[in-house]
Amino acid sequence: MSDTDSGAATGLDSIHQQLAEHYSALSPQLKRAASYVLEHPMEMAFQSIRKTAQAASVTPSTLVRLAKRLGFESYDTFREVFQSAVQSAPVELSGRANKLKHQPRHPEEALFVEVGDAAFDNIGKLFTADNHTRVKEAAERILAARRVAVVGFRDTFACAYHFAYVGRIAMPEVTLIRGQEGGLLTELSPFNEQDVVVAFGFEPYCAETVKALEITRANGVQAIVITDTLRSPLVPGASVTFTVANATPHFFPSILAAITLSEAMLAECVASGPDQLVDNVTSFESRMRQLGAYIEIA
């Protein structure tokens, strides 16, 4: 992204992608402004330029320069992109979270309620029009792929395991990458430009996840990334990127929104994929029942 770039970014996704890809090359002041833009879309939509500049610890002229670096004629036209994106988001879950937050409570119940409040808020931020479009695109790429590798280590291993376990019931070509005993390169080497990798990673980012994406990128594998911010080291080179909220009073980042997103993507795959996917689910259930994997309730 240079001062000579022509043409404004046409949507919020495009703005975020440009900032994420070129973040490291920005000046310190523009980098500070870009960080605020990436992290505060709601505030960007409705705050004045002066208030936004104050919150980002930059000058208003820095925000104007950032907007022009992205091809916008003015800061106002830049801000309109955020206003359009925010206005298209559904509010039902946010409303439920707000109701939960303000209901009468006893002091000893505060933490329990705060966890619920954060959970509703995280999921509410997930279901936007932009993410709906991205879910459809991700499903199309997964369905078109020869094989699908799923990567997530440490705190996001549960996300990767859930995606891979549920996903391969309908799509046997889905594979969980474990990377145990130094086997990361061996597990990933068969994947190429015909394939897709789905990667999960939140701060603090795992070196193994970043390494896995470096390996797959070198082999031409398309990446679908689920992370917490577009400044994440998992973002560069990704074909589809989701940023999910993971705030919680708990001492570790919440994976609830990431799990919910996984379920939305896999549901989209079955809904828009061939009938064979439904047949695969039926066959799996039948085999499990024959093997006595389920306990029947009389």
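The values are calculated or read from the model by the stated rules, or taken from the named source; none is laboratory data. Computed from a predicted structure; not experimentally measured. For neighbour counting, all protein chains shown are included, and Cβ atoms are generated from backbone atoms with ideal geometry for every residue, glycine included. The accessibility values were calculated without ligands, DNA or RNA, using every heavy atom of the protein model including side chains. Shrake-Rupley method; radii C 1.70, N 1.55, O 1.52, S 1.80 Å.
Inspect all residues belonging to the stretch 268-286 and state whether any of them is in contact (Cβ under 8 Å) with a residue 60 or more places away in the chain, farther than 27 Å from residue 111 by Cβ and touching a strand residue (DSSP E or B) at 6+ places or on another chain (Cβ under 9 Å).
No: the stretch 268-286 contains no residue that is in contact (Cβ under 8 Å) with a residue 60 or more places away in the chain, farther than 27 Å from residue 111 by Cβ and touching a strand residue (DSSP E or B) at 6+ places or on another chain (Cβ under 9 Å).
Is it the case that some residue within the stretch 36-59 is β-branched (Val, Ile, Thr), modelled with pLDDT under 50 and closer than 23 Å to residue 228 by Cα?
There is no residue in the stretch 36-59 that is β-branched (Val, Ile, Thr), modelled with pLDDT under 50 and closer than 23 Å to residue 228 by Cα.
Among the residues of the stretch 32-61, count how many are buried (at least 20 other Cβ atoms within 10 Å of the Cβ) and of a type in the set (S, T, N, Q).
Total meeting the criteria: 1.
What number of residues within the stretch 111-127 satisfy the criterion of being touching a residue at least 12 places away in the same chain (Cβ under 8 Å), assigned to a helix (DSSP H, G or I) and open to solvent by 60 Å² or more (accessible area, probe 1.4 Å)?
Within the stretch 111-127, residues that are touching a residue at least 12 places away in the same chain (Cβ under 8 Å), assigned to a helix (DSSP H, G or I) and open to solvent by 60 Å² or more (accessible area, probe 1.4 Å) number 5.
If only one of 198, 225 is at pLDDT 90 or above, open to solvent by less than 30 Å² (accessible area, probe 1.4 Å) and over 24 Å from residue 37 (Cβ atoms), which one is it?
Testing whether each residue is at pLDDT 90 or above, open to solvent by less than 30 Å² (accessible area, probe 1.4 Å) and over 24 Å from residue 37 (Cβ atoms) leaves just 198.
Quick one: in the stretch 279-294, of everything that is among the polar types (S, T, N, Q) and more than 19 Å from residue 148 (Cα to Cα), which residue is most open to solvent (accessible area, probe 1.4 Å)?
Within the stretch 279-294, the match that is most open to solvent (accessible area, probe 1.4 Å) is 290.
Tell me, which residue of the stretch 1-35 that is of a type in the set (S, T, N, Q) and within 23 Å of residue 234 (Cβ to Cβ) is modelled with the highest pLDDT?
Only one residue tops the list, namely 35.
Being out of contact with any Lys or Arg (no Cβ under 6 Å at 6 or more places or on another chain) and surrounded by 19 or more Cβ atoms within 10 Å (Cβ to Cβ) is the filter; apply it to the stretch 201-214 and report the residue that is nearest to residue 159 (Cα to Cα).
201
For the stretch 134-177, which residues satisfy the criterion of being within 15 Å of the chain's Cα centre (by Cα), in contact (Cβ under 8 Å) with a residue 60 or more places away in the chain and part of a strand (DSSP E or B)?
Within the stretch 134-177, 151 is the sole residue that qualifies.
In the stretch 256-278, which residues are more than 27 Å from residue 144 (Cβ to Cβ) and open to solvent by less than 60 Å² (accessible area, probe 1.4 Å)?
None - no residue of the stretch 256-278 is more than 27 Å from residue 144 (Cβ to Cβ) and open to solvent by less than 60 Å² (accessible area, probe 1.4 Å), so the list stays empty.
So, residue 238, is that one open to solvent by 30 Å² or more (accessible area, probe 1.4 Å) and either assigned to a loop (DSSP other than H, G, I, E, B) or over 27 Å from residue 37 (Cβ atoms) (or both) or not?
no
Go over the candidates 89, 97 one by one and state the one that is open to solvent by less than 40 Å² (accessible area, probe 1.4 Å), in contact with an Asp or Glu (Cβ under 9 Å, 6 or more places away or on another chain), modelled with pLDDT under 55 and in a loop (DSSP other than H, G, I, E, B).
Going through 89, 97 in turn, just one is open to solvent by less than 40 Å² (accessible area, probe 1.4 Å), in contact with an Asp or Glu (Cβ under 9 Å, 6 or more places away or on another chain), modelled with pLDDT under 55 and in a loop (DSSP other than H, G, I, E, B): 89.
Checking residue 130 against (1) modelled with pLDDT under 85; (2) under 30 Å from residue 191 (Cβ atoms); (3) open to solvent by 70 Å² or more (accessible area, probe 1.4 Å), only one condition comes out false. Which one?
(3)
Can you tell me which residue in the stretch 241-255 is most open to solvent (accessible area, probe 1.4 Å), limited to those that are under 11 Å from the mean Cα position of the chain (by Cα) and among the hydroxyl-bearing types (Ser, Thr, Tyr)?
243
Taking only the stretch 148-184 into account, find how many residues are closer than 14 Å to residue 263 by Cβ and open to solvent by 20 Å² or more (accessible area, probe 1.4 Å).
Of the residues in the stretch 148-184, 6 are closer than 14 Å to residue 263 by Cβ and open to solvent by 20 Å² or more (accessible area, probe 1.4 Å).
Against the conditions (1) open to solvent by 30 Å² or more (accessible area, probe 1.4 Å); (2) in a loop (DSSP other than H, G, I, E, B), where does residue 17 fall short? Just the number, please.
Only one criterion is unmet by residue 17, namely (2).
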